[in-house]
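Just below is one structure, and these are the notes that go with it.
Read-outs: derived from the displayed coordinates by stated rules, not from any lab. Just so we're clear, the structure is a prediction, and the values are computed from it rather than from any experiment. Heads up, the Cβs are rebuilt from the backbone with ideal geometry, glycines too, and the neighbour counts pull from every protein chain shown.
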2 protein chains.
Amino acid sequence: MSTETSTGMSKVTCDMAMSLDGFVAGPRQTLENPLGEGVEERLHSWMFDEPEAHADVIHAITDAGAFIMGRNMFGPDRGPWDLGWTGWWGEEPPYHAPVFVLAHRPREPLTMKGGTTFIFVTDGIEAALERAREAAGDRTVAVAGGAHTVNQYLAAGLIDELRLHVAPVILGQGERLLAGVGSIDLEPIAEPRGTALVTHLTYRVPRRS
Amino acid sequence: MSTETSTGMSKVTCDMAMSLDGFVAGPRQTLENPLGEGVEERLHSWMFDEPEAHADVIHAITDAGAFIMGRNMFGPDRGPWDLGWTGWWGEEPPYHAPVFVLAHRPREPLTMKGGTTFIFVTDGIEAALERAREAAGDRTVAVAGGAHTVNQYLAAGLIDELRLHVAPVILGQGERLLAGVGSIDLEPIAEPRGTALVTHLTYRVPRRS
């Protein structure tokens, strides 16, 4: 499948694991539980408990030429950032590509093992996307999260393909996806499918004028 | 399939058409557009545009021995109620069974053509469910809506089977389903399926102690 859009620019995708009531993270986020207590298990168990059943989905999530993530997804705002925080993912993060981190404060790029480089961008979501497109070449650019970052890109009409992985869970509170993005009609581009742990939904997001 | 639960009581189901961001109705509800302007078309087009593709789903929605609905779903609060309002559904509503309407003010039962009787219950959701169970016998009791009513029954742990019909639409605002119901782990009991207009998701809601 081509990653090119009709404009010749690389496709912008977004994969998010979401609760049935629209949350992608819970309250009470800590260093031990970055998504909030118990939320990792409830939203992402399909990835860990049955990776074979979702192998293609899991592959697609990290199959991009460049990534964009919010600063909150990269790491906590205080302390660790200044103390040489290098992300949640250990020495060899699963991205294997440039990851553009939306930051408030400048920081030198951080080169990790396996091809991942965290590059800190302080001039906004459109500048970050432009740089990610350049880095991705003809491959996909993936907006990796979190909720606030995805919502900003959706609101700006900059995501082409939204892939939601809906866990059979009502969280009741937390960080809400699809909030503040206005009114959008999407186009399903794959059959819904899943297991007892998750339902995969894939939509094309129409370009808005 | 049996409609009996292990306790011998009839199963309580709930079918709701929902946007991807969790709304079942929009703002700006009027007599002409009871779900809000343009929302009927965006959430329910699958029922009207391709009824054959969803024949079993549509059949199941009204295949109950008794129904429960909120007063706001039955009709506007002012004016028409006092002027002999008989619901949105014409002389022969599609329920063909007793419909218990959660009301603030008492009103005589309203017998319509085709077996539908609207019965106004002023003593709360549990009393309404008890009466609906009696009326349904061994058939299903369906909580028909709207959002506030469904959320109340979910919060009280009184719904056994939640069937969501998710339209590929982000509404951005309106009446939110699954809000204020706490934290619940559901159990998918059917494969997700659908068309370009809707995805059907079916969950068992565990009884909570």
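The table below lists the values:
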read-out: Cβ-defined net charge surrounding B:Gly36, 12 Å radius [Lys, Arg +1; Asp, Glu -1]; value: -3
read-out: Three-way shape call for the protein assembly as shown based on the alpha-carbon gyration tensor, with the a/c threshold at 1.5; value: prolate
read-out: Unit charges at the beta carbon, dipole of the protein assembly as shown: most positive-side option, B:Val57, B:Thr111, A:Leu197; value: B:Thr111
read-out: Cα shape, the range A:7-109, gyration tensor, a/c 1.5 rule; value: oblate
read-out: Other-copy label distances relative to A:Glu191, 7 angstrom Cα-Cβ extension, nm; value: 0.6
read-out: Estimated vicinal HN-Hα couplings, Hz - the range B:39-50 in sequence order (Karplus 6.51, -1.76, 1.60; Gly, Pro = x); value: 7, 3, 5, 7, 9, 10, 4, 4, 5, 9, 8, 9
read-out: Positive minus negative residues near A:Ala53 (Lys, Arg vs Asp, Glu; Cβ under 14 Å); value: -4
read-out: Normalised contact order of chain A, rounded percent, pairs of Cα under 8 Å and 6 or more residues apart; value: 30 percent
read-out: Shortest-first distances to equivalent copies, position A:Gly137, nm, label 7 Å out along Cβ; value: 7.1
read-out: Average beta carbon contacts from partner chains per residue of A:185-192, 10 Å cutoff; value: 5
read-out: Where only alpha carbons of the range A:12-183 are counted, the Rg and the Dmax (Å); value: 15.4, 41
read-out: B:Thr117 long-range amide H proximity, modeled H, under 5 Å; value: B:Ala97, B:Val99, B:Met112
read-out: 7 Å along Cα→Cβ, label-point gaps from B:Glu126 to other copies, nm, shortest first; value: 5.7
read-out: Shielding by partners - mean other protein chain Cβ count within 10 Å, residues of B:19-30; value: 3
read-out: Antiparallel bridges, percent of DSSP beta bridges restricted to chain A (to nearest 5); value: 40 percent
read-out: Calculated [θ] (222 nm, deg cm²/dmol) that DSSP helices of n ≥ 4 give over chain B, each run adding -39,500 (n - 2.57); value: -5500 deg cm²/dmol
read-out: For the range A:89-96, 3J(HN,Hα) per residue [Karplus equation, 6.51 cos²θ - 1.76 cosθ + 1.60, θ = phi - 60°, Hz, x = Gly/Pro]; value: 9, x, 6, 10, x, x, 8, 6
read-out: Amide H contacts under 5 Å for B:Arg107, placed H, 5+ residues apart; value: B:Phe120
read-out: Neighbourhood net charge (12 Å Cβ-Cβ; Lys/Arg +1, Asp/Glu -1) for B:Val198; value: 0
